[in-house]
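Take a look at the structure below.
Rule-based calculations on the coordinates, nothing more; no lab input. Fair warning: this is a prediction, and the values are worked out from it, not measured in the lab. Ideal geometry is used to build each Cβ from the backbone, glycine not excepted, and the neighbour counts take in all protein chains shown.
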Amino acid sequence: MNKTTASAAEAVKNVPDGATILVGGFGVCGVPENLLTALRAQGAKNLTLVSNNAGLDEFGIGTLLKNGQVKKMIMSYGGECKAFEEMALDGRLQVEWNPQGTLAERIRAGGAGVAGFYTPTGYGTPVAEGKETRQFDGRWHVFERGLRADFAFIKAWKGDVLGNLEYRKTARNFNQVMATAAETVIAEVEQLVEVGGLHPDHIHTPGIYVDHVLKGSKYLKLIEKLTVRKAAAHV
Amino acid sequence: MSEPKDARVVIARQAARLLKDGDYVNLGIGIPTLIPNYLPHDVHITLHTENGMLGYGPYPHEGEQDPDLINAGKETVTELPGCSYFGSEQSFALVRGGHLAATVLGAMEVSASGDLANWMIPGKKVKGMGGAMDMVAGAKKVIVAMEHATKDGKPKILPQCTLPLTGKGVVHAIVTEMATFEIGKDGLVLTALNPDYTQDAVRQATGAPFTVSAALQSYAR
């Protein structure tokens with residue numbers, strides 16, 4: 001079995017208009033850059049994207065927003081993308097706000113066959129409006145549904161041709177859980193290794209979850225806020 | 001009177017006194033990020049960042065930054081010995097599961113019953129709540145570190161919040177440049193006072209009534 005795909009264009013060619021896509025990454029860290037660039041060129045429209053953030057105006061999801069391909073975002077924070085803020089404010093883009101941990105757990109539940117769960121997060125806030133609430137052990141909880149999607153776009157550090165994945169540092173973020181919760185999971189990796197090239201104990205995402213593996217051709221790996229230590233600073 | 005810049009340092013230094021040696025802590029954006037600079041020398045804490053790491057360290061030296069190593073504020077950080085990485089789902093499972101000793105975060109409004117508003121102003125641009133709702137629902141101790149009044153001089157500590165909530169009845173302590181309050185069943189209790197201010201001054205600047213702890217402490221100078 002060989003799950004590798006020749007190009008990013010090949011990997012995303014079957015994404016239809018109206019698809020729901022989980023997109024890994026936190027800010028610009030651990031983002032499936034090559035797949036998003038290819039999706040912009042492919043042109044699918046009316047997409048619903050599930051991602052913690054909305055990228056930047058010139059990077060990642062922000063470029064899809066500006067290209068008019070996205071109908072709805074399911075996310076937790078959009079503060080860094082002006083295109084997102086404008087489109088959300090004037091109603092061109094639907095936004096469903098989720099607390100970040102609720103978003104992660106909804107995806108985890110979706111991938112694990114759990115229909116929903118009760119969480120104390122968000123009780124008494126706008127995110128609980130219209131949702132079932134219930135008290136357990138004296139504490140109020142909000143019912144949240146599991147979340148699955150048609151596609152997941154994942155970025156890993158290393159992957160083998162079987163789809164086993166290893167992430168690096170905080171670039172793991174949402175990628176690991178999103179790999180479990182879509183009908184078609186496409187992972188792009190910085191390094192593609194042969195079978196046996198990953199230590200089995202170091203595999204974060206077993207290949208069973210992954211349908212296609214792409215060796216990314218180019219990584220910008222931007223830094224959103226470069227913060228460095230001053231020579232004399234003590235922390 | 002303290003200058004605004006000093007106020008941030010006063011708040012961070014006082015908030016640091018509420019943390020204990022061995023605590024696992026999540027620090028929000030802004031004033032809370034200053035806290036590690038003011039921890040007593042015998043207090044060592046482990047910092048959690050919700051994008052998936054325990055045990056991050058200070059900013060890197062110039063040239064040593066790594067795009068794969070950031071905190072939740074998207075700033076480049078470093079590894080400390082003993083740090084660990086995990087995915088967002090585990091990062092929030094440990095928060096929701098009550099494994100963090102404390103979170104320290106900023107606020108736009110806090111009510112006397114511990115309601116917190118810090119994520120949206122109706123009619124203005126909404127940036128999103130990020131992980132704040134999860135943090136205040138899950139951490140064992142929720143500490144708000146903020147300036148006592150708004151830039152217009154209006155109280156931020158109120159009988160009830162006017163803005164949409166981040167959490168209901170979730171705040172345990174409030175630290176400002178003027179005073180520290182614990183929030184109990186009967187509302188605000190003044191537990192520490194900055195000696196630069198009188199109790200009357202604090203009452204005038206606070207939108208809700210408070211009682212004074214019998215063990216009232218003074219801010220360290």
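Averaged over the residues of peptide B:46-58, the number of Cβ atoms from other protein chains lying within 10 Å of each residue's Cβ is 4.
Legend: residue pairs A:LYS72/B:LYS74; A:LYS82/A:LYS221; A:LYS155/B:LYS74; B:LYS74/B:LYS154; A:LYS169/A:LYS225, Cα-Cα distance threshold 22 Å; pairs beyond threshold, A:LYS72/B:LYS74; B:LYS74/B:LYS154.
Neighbours of B:PHE92 by Cβ distance under 13 Å: Lys/Arg scored +1, Asp/Glu scored -1, total -2.
By the rule of a C-alpha distance below 14 Å, with chain neighbours fewer than 8 residues away ignored, the aspartates and glutamates paired with B:LYS20 are B:ASP42. Proximity of backbone amide H atoms, modeled 1.01 Å from N, is registered between A:ALA149 and A:ALA182, A:GLU183 at under 5 Å, excluding neighbours fewer than 5 places apart on the same chain.
Note on B:74-80: average number of Cβ atoms from other chains within 10 Å of each residue's Cβ is 5. Put one equal scatterer on each alpha carbon of the stretch B:121-221, apply the Debye formula with no solvent term, and list log10 I(q)/I(0) at q = 0.10 1/Å to two decimals. Result of the Debye calculation: -0.30.
Between 0 and 90 degrees, the angle of helix A:33-42 with respect to the longest Cα principal axis of chain A falls at about 90 degrees. What's the center-to-center distance, using Cα atoms, between the stretch A:153-202 and the stretch B:21-39 in Å? Taking the Cα centre of each part, the stretch A:153-202 and the stretch B:21-39 sit 32 Å apart. With 18 Å as the limit on Cα-Cα distance, the pairs of B:LYS156/B:LYS185; A:LYS45/A:LYS66; A:LYS131/B:LYS168 that go past it are B:LYS156/B:LYS185. Residue-wise HN-Hα couplings along the stretch A:217-230, as the Karplus relation 6.51 cos²θ - 1.76 cosθ + 1.60 with θ = phi - 60° gives them from phi, are 7, 8, 10, 6, 6, 5, 10, 6, 10, 6, 10, 10, 7, 6 Hz; Gly and Pro carry x. Look at the stretch A:216-229: the mean tally of other chain Cβ atoms within 10 Å of its residues' Cβ atoms is 5.
Loop-located trypsin sites (Lys or Arg not before Pro) across the stretch A:174-235 with a Cβ neighbour count of 13 or fewer within 10 Å are A:LYS218, A:LYS230, with loop assigned by DSSP. Cα centroid distance between the stretch A:26-73 and the stretch A:87-106, in Å? Going from one Cα centre to the other spans 14 Å. Only helical runs count toward this figure. For the protein assembly as shown, summing -39,500 (n - 2.57) over DSSP H runs of n ≥ 4 and dividing by all residues gives -5000 deg cm²/dmol at 222 nm.
Find me the longest stretch of chain B that has none of the exposed GluC sites (Glu not before Pro), where exposed means in a DSSP loop (not H, G, I, E or B) with at most 16 other Cβ atoms within 10 Å. Counting only loop sites that pass the neighbour cut-off, the longest clear stretch is B:65-221. By the count of neighbouring beta-carbon atoms within 10 Å, fewest first, B:CYS161, A:CYS29 end up ordered B:CYS161, A:CYS29.
Proximity of backbone amide H atoms, modeled 1.01 Å from N, is registered between A:LYS131 and no other residue at under 5 Å, excluding neighbours fewer than 5 places apart on the same chain. So how tilted is helix B:4-16 from the main axis of chain B? Cα-based, degrees 0 to 90, rounded to 10. For B:4-16 against chain B, the angle is about 70 degrees. Both radii were evaluated on the Cα set of the stretch A:8-215; the Rg over Rh quotient, with Rh as the Kirkwood radius, amounts to 0.99. Computed from backbone phi with θ = phi - 60° and the Karplus coefficients 6.51, -1.76 and 1.60, the 3J(HN,Hα) list for the stretch A:73-78 is 10, 10, 7, 10, 7, x Hz; x is used for glycine and proline. In order along the stretch B:168-182, the Karplus-derived 3J(HN,Hα) couplings, from 6.51 cos²θ - 1.76 cosθ + 1.60 at θ = phi - 60°, round to 10, x, 10, 7, 9, 8, 10, 10, 10, 6, 9, 7, 10, 10, 9 Hz, and Gly and Pro are given as x.
Taking the C-alpha atoms only, the angle from helix A:100-112 to the longest principal axis of chain A is near 70 degrees. Summing +1 for each Lys or Arg and -1 for each Asp or Glu among the other residues whose beta-carbon sits under 12 angstrom from that of A:ALA54 gives 0.
Each residue of chain B gets 138 Å³ once the volume of the Cα convex hull is shared out per residue. Among B:LEU116, B:LEU158, a tally of other beta-carbon atoms within 10 Å of each Cβ gives an order, fewest to most, of B:LEU158, B:LEU116. Restriction of the trypsin sites (Lys or Arg not before Pro) in the stretch A:94-146 to DSSP coil positions whose beta-carbon has at most 10 other beta-carbons within 10 angstrom yields no sites. Amide H contacts of A:GLU188: A:ILE154, A:LYS155, A:ALA156, A:LEU214, each under 5 Å away and 5 or more positions distant or on a separate chain (H built 1.01 Å from N in the peptide plane; Pro and chain starts excluded). Kindly list the residues of the stretch A:94-114 that lie in the label zone of A:ASP17, defined by a backbone N under 15 Å from the point 7 Å along the Cα-to-C-beta vector. From the stretch A:94-114, the list is empty.
Between the listed residues B:THR46, A:GLY159, A:TRP140, the Cα displaced farthest toward the positive end of the dipole of the protein assembly as shown, a dipole computed from Cβ unit charges relative to the Cα centre, is found at A:TRP140. Loop-located trypsin sites (Lys or Arg not before Pro) across the stretch B:51-142 with a Cβ neighbour count of 14 or fewer within 10 Å are B:LYS124, B:LYS125, B:LYS140, with loop assigned by DSSP.
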